[in-house]
Amino acid sequence: MTERKTNGIGRRGFLKLGAAGVAGAATIGGKAKPAAAAVAGGTMMAAPLPAAKGPRVVVVGGGWSGLTMAKYLKKAKPDFDVVLLEPSSVFFSCPLSNLWLHGVVETDMLIHSYVDAARNNGYIWLQAALVDLDREKRRAYTSLGTIDYDYIVLSPGIDYMYESFGVEDPAEQYMVAQNWPAAFKPASEHLTLKGKLEDFEEGVFLLTVPPGNYRCLPGPYERACMIASYFQKEDIPGKVVLIDPNEKPTIKAEGFLAAFEELYKDVLEYMPSTKIEGIDVGKKKVVTDFEEIEFADAAIYPRVRAARLIENLGLADPKSPQKEAAIDPLRYHVIGDEHTYVAGDARPMPFSKSGNTANSEAKIVARMIAAHAEGKEVPWQSPETICYSAVSADPLESIMVDAKYKHDGTGQGWGFTDVVMINDRSKDLGKANIEWGKGLWRDMFEA
Ligand SMILES: Cc1cc2nc3c(=O)[nH]c(=O)nc-3n(C[C@H](O)[C@H](O)[C@H](O)COP(=O)(O)OP(=O)(O)OC[C@H]3O[C@@H](n4cnc5c(N)ncnc54)[C@H](O)[C@@H]3O)c2cc1C
């Protein structure tokens, strides 16, 4: 096998991220119930934190939602004592990671320090996971001890549902997750996928689009473009096969279809209206409603659900097929509990599960909580989904959408409003794509 260069990820980057991935996986993978024994026995000590200097707000999850929430809670109400719980040691950005797979951006651009975020914005980062909650006592049970709070905001992101592809046996689910990780949750999965591309020799590289409302609607199509472009650049005799249950790309369809046809005709096969009904782990093939497709390697992206933490805490809506939280859709708090909030990709509203949505939404929720603490209310406001997708790497060209949401007055029926969609790929949008990422990282990590 010929040795290919590592496209922007140096050995230093691998080592740094390797450590982060292990910390995150070890803590998040476990069931959320171990604390129950400690809770019942009353053995858990208080977490190692300074005494609260004001109303304590615990934010769970240091992703796009939680990082923005922690910063903007402090901005909205400086006397809040904000604690961000996040078990990973380093932040890894999913946005722009498809460009990084190709080598368009470097690893250092995607990783950021939780220490900096907390220090620059006057809150505390506790490197711990939430494992249980006593909402009556307003006590959080974390992997480092208990925290008494006035408000808690849960932004734990997503988990995968391999059952959606007919893979029911946990042992098989584990095999699929480990061998062909989706790479739609940050860090370790992305590193594995990058390594796979660097080692890929020939044959079909399989990608899938999940059913339902999944994280980053354009993500699988953007990734297909970046991997196809990578195969062209590195002269790899491989083909990307993208299986999609939808009739056409779920967003920016015209721009993606034009790129598939005009740039990647020989290296990318798009299979719309195709449902995966099973995965033969041993034979490396997927069974669709039409045929069986063998693959040399893959990143298999199943249906998503709210992070298991939400269900483990008893907060999932039993009617939600994606096990999202049962909250007031206009006020974000758990039904009947105005001290527990859920935001980001774990929310039940059918917004785009995107970083920009989570970031703009967190600013709104932070203002709602600050107002509640003062006995006031702020009117509902729409989050904003601004989303660039790279379709060509060299030169970097992107397409984009900018949209807000409207509701039917009850928060049950939702639609898009103020939509601007640009499907003509351009270098200007390519530049704007990178600037968008830098702007949001600055917003989350700098003062
Ligand atoms: C490849 C890819 C490309 C993308 N591109 C874009 C893009 O161009 N633009 C865009 O806007 N969005 C994009 N997205 C989507 C974006 O990354 C997500 O929508 C966003 O990360 C959601 O934020 P979140 O805070 O809800 O979840 P996350 O960012 O996943 O954060 C959740 C955090 O919670 C932590 N956590 C989980 N359980 C616990 C616990 N028990 N205790 C404490 N912490 C816990 C996790 O460790 C994690 O850090 C992309 C996603 C992917 C995968």
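The values are calculated or read from the model by the stated rules, or taken from the named source; none is laboratory data. For clarity, every value in this text was computed on a predicted model and none was experimentally measured. Because the Cβ atoms are built from the backbone with ideal geometry, glycine has one as well, and the counts that use them run over all protein chains shown. Ligands, DNA and RNA are stripped out before the accessible areas are found, and what is left, the full protein with its side chains, is counted by its heavy atoms. Shrake-Rupley method; radii C 1.70, N 1.55, O 1.52, S 1.80 Å.
The table that follows gives values for the structure above.
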{"read-out": "Residue match in region 379-395 (condition: of a type in the set (D, E, K, R) and under 30 Å from Lys427 (Cβ atoms))", "value": "yes"}
{"read-out": "Selection status of Tyr230, touching a Ser or Thr at 6+ places or on another chain (Cβ under 7 Å) and open to solvent by less than 20 Å² (accessible area, probe 1.4 Å)", "value": "no"}
{"read-out": "Given (1) within 16 Å of the ligand (Cβ to nearest atom); (2) more than 25 Å from Asn356 (Cβ to Cβ), index of the condition Arg223 fails", "value": "(2)"}
{"read-out": "Residue list for region 314-325, filter: within 18 Å of Asp134 (Cβ to Cβ) and either open to solvent by 30 Å² or more (accessible area, probe 1.4 Å) or of a type in the set (Asp, Glu) (or both)", "value": "Gly314"}
{"read-out": "Every pair of residues 6+ apart whose Cβ atoms lie under 6 Å, when the first sits in region 423-447 and is farther than 27 Å from Leu84 by Cα and within 12 Å of the ligand (Cβ to nearest atom) while the second is modelled with pLDDT of 95 or more and open to solvent by 30 Å² or more (accessible area, probe 1.4 Å)", "value": "Asn433/Tyr388"}
{"read-out": "Residue count for region 134-171, restricted to those that are buried (at least 17 other Cβ atoms within 10 Å of the Cβ), part of a helix (DSSP H, G or I) and without any contact (Cβ under 8 Å) to a residue 12 or more places away in the chain", "value": "0"}
{"read-out": "Qualifying residues in region 63-89 (those that are within 8 Å of the ligand (Cβ to nearest atom) and over 19 Å from Ile364 (Cβ atoms)) - the one least open to solvent (accessible area, probe 1.4 Å)", "value": "Leu85"}
{"read-out": "Among the residues listed as Leu197, Leu242, Leu193, Leu217, the single one being in a loop (DSSP other than H, G, I, E, B), open to solvent by less than 40 Å² (accessible area, probe 1.4 Å) and out of contact with any His (no Cβ under 6 Å at 6 or more places or on another chain)", "value": "Leu217"}
{"read-out": "Matching strands (runs of 3 or more DSSP E) fully within region 336-418 where at least 1 residues are open to solvent by 30 Å² or more (accessible area, probe 1.4 Å) and in contact (Cβ under 8 Å) with a residue 24 or more places away in the chain", "value": "384-393, 396-407"}
{"read-out": "All positions within region 67-92 that are touching a Gly at 6+ places or on another chain (Cβ under 7 Å) and of a type in the set (Gly, Ala, Ser)", "value": "Ser88"}
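A quick yes/no check of all residues on (1) under 29 Å from Arg347 (Cβ atoms); (2) modelled with pLDDT of 95 or more; (3) touching a Lys or Arg at 6+ places or on another chain (Cβ under 9 Å):
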residue: Val39; (1), (2), (3): yes, no, yes
residue: Pro55; (1), (2), (3): yes, yes, yes
residue: Gly66; (1), (2), (3): yes, yes, no
residue: Ile111; (1), (2), (3): yes, yes, yes
residue: Asp116; (1), (2), (3): yes, yes, no
residue: Arg119; (1), (2), (3): yes, yes, no
